[in-house]
Amino acid sequence: MEVCIDFLNWLDPDISVQILMYLEDPSDLVHASSVSRSWRDFVIANGLFKHLCLRMFPQLSRVARVMELNKCGAKEPVEVGSSYSMEWESLARDHRVYATLAQVCTSFIVEDCISEAISASSTDHYPDESIHNTLLPAYTWRASYWSSKGQSNPAVPETLIYKLKSEFCVITEINICPGQELLSSLHIYSSNSVRFRMGHTKGPNDLGSRHLGDSLPCNADDTFIWTYTSPEFPMAQEGCLQNFRLPEPVLCIGGILQIELLGRVQRNEIDGLFYICVSYVQVVGRTLSPTFCVEILEPSGTFVLKNDMQGKFYTPPSLPKNEAHEISDDQLQRGFRYWQHFVNRLEGNENAVEFIEEYESGEEEDEAEVEYTL
């Protein structure tokens, strides 16, 4: 038991790479690179963090190169020294950037990522039934929803396009609430199904100058390049917030989201036409700016991944060492109720079990994540 063997020194390098490629949690790969200098060099030389990020987000296959930014601007590799030292610096830079990316993709706060509405494929009564109404989470004094123009053919689709808070973000799910008539819960103007696309504008276009509103919607294919298309999700004919979770988290490069509403269900009793209405849209994910930004390279469609070394990213607050922790009244009351239920459980009261399990699971959710050491 006293004999320690470093398998990296005994196995073929390709086999060692295959073993370490089984690590799917970024923190596990961080721990592996912290074992020793030789292990860290092995992780860097074989680009294991880059491979991990590519497995997490296939969209990163379009990265042409990475850059590190600081307060002085871009720091490009210095063309001095041997080719080996330059190659090693490039590998080390990739390691730092992709390790940071793996960290922020799992540690940033989950939030609603929509910044603004761009356009709708059609609008029935503009601006009263504008796409901008879909950003309001609750009804105002009047009906708040977007409505398409009526169609005699129920197969005619509609699209809604939104700008996200960041040009580089991770999206996990989209929530949509179909619109319905206020005086009737039977008339719900949802679509048969829904599909999502993510991408970026074509070339260095100023999105504001192409923002044509709802009355004259822009042609999406002429304005945007879609780099991701989701599967088609069936939509329930219910006037409630419906959740559409993507099969895997998606890295949106460019900050543009399109919602495709496929197929019409409800016919209007007055004009006999089919409509689609949406009252609320929410896009759930993590925005990665200002820690990361991208530069789209046209016409190749590849991009430069830039890591701002001065960018602030979220870390849970920690208590200073050797300082007393001030406990709030709510925490005291919750702790007292916990111990009260614990005593009741010891006395044979089975109703206390559910509360204790809920309390303990709540603590686990509030535990701070360990910051990675790169």
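Worth a mention:
- In summary, T315 fulfils each of the numbered conditions (1) touching an Asp or Glu at 6+ places or on another chain (Cβ under 6 Å); (2) modelled with pLDDT under 95; (3) surrounded by 18 or more Cβ atoms within 10 Å (Cβ to Cβ) with the single exception of condition (3).
- Residues in the stretch 116-138 that are of a type in the set (G, A, S) and part of a strand (DSSP E or B): A117, S119, A120.
- The residue pairs whose first member lies in the stretch 189-203 and is open to solvent by less than 30 Å² (accessible area, probe 1.4 Å), whose second member is among the aromatic types (F, W, Y) and not in a strand (DSSP E or B), and whose beta carbons are closer than 8 Å, counting only pairs six or more residues apart or on different chains, are Y189/Y275.
- Going through (1) touching a helix residue (DSSP H, G or I) at 6+ places or on another chain (Cβ under 8 Å); (2) assigned to a loop (DSSP other than H, G, I, E, B); (3) modelled with pLDDT of 90 or more one by one, G272 falls short only on (1).
- Within the stretch 23-51, the residues that satisfy the criterion of being open to solvent by 40 Å² or more (accessible area, probe 1.4 Å), under 25 Å from P247 (Cα atoms) and in a helix (DSSP H, G or I) are D28, K50, H51.
- Here the condition is being in a helix (DSSP H, G or I), out of contact with any Phe, Trp or Tyr (no Cβ under 8 Å at 6 or more places or on another chain), open to solvent by less than 60 Å² (accessible area, probe 1.4 Å) and free of Cβ contacts under 8 Å to residues at least 60 places away in the same chain; of L60, L54, it holds for L54 alone.
- Flag for L20 being open to solvent by less than 90 Å² (accessible area, probe 1.4 Å) and either closer than 26 Å to I171 by Cβ or modelled with pLDDT of 90 or more (or both): no
- Per-region count, the stretch 155-182, residues open to solvent by less than 50 Å² (accessible area, probe 1.4 Å), modelled with pLDDT of 95 or more and part of a loop (DSSP other than H, G, I, E, B): 1
The values are calculated or read from the model by the stated rules, or taken from the named source; none is laboratory data. Since this is a predicted model, take the numbers as computed values, not measurements. Ideal geometry is used to build each Cβ from the backbone, glycine not excepted, and the neighbour counts take in all protein chains shown. Ligands, DNA and RNA are excluded from the accessible area calculation, which covers all protein heavy atoms including side chains. Shrake-Rupley method; radii C 1.70, N 1.55, O 1.52, S 1.80 Å.
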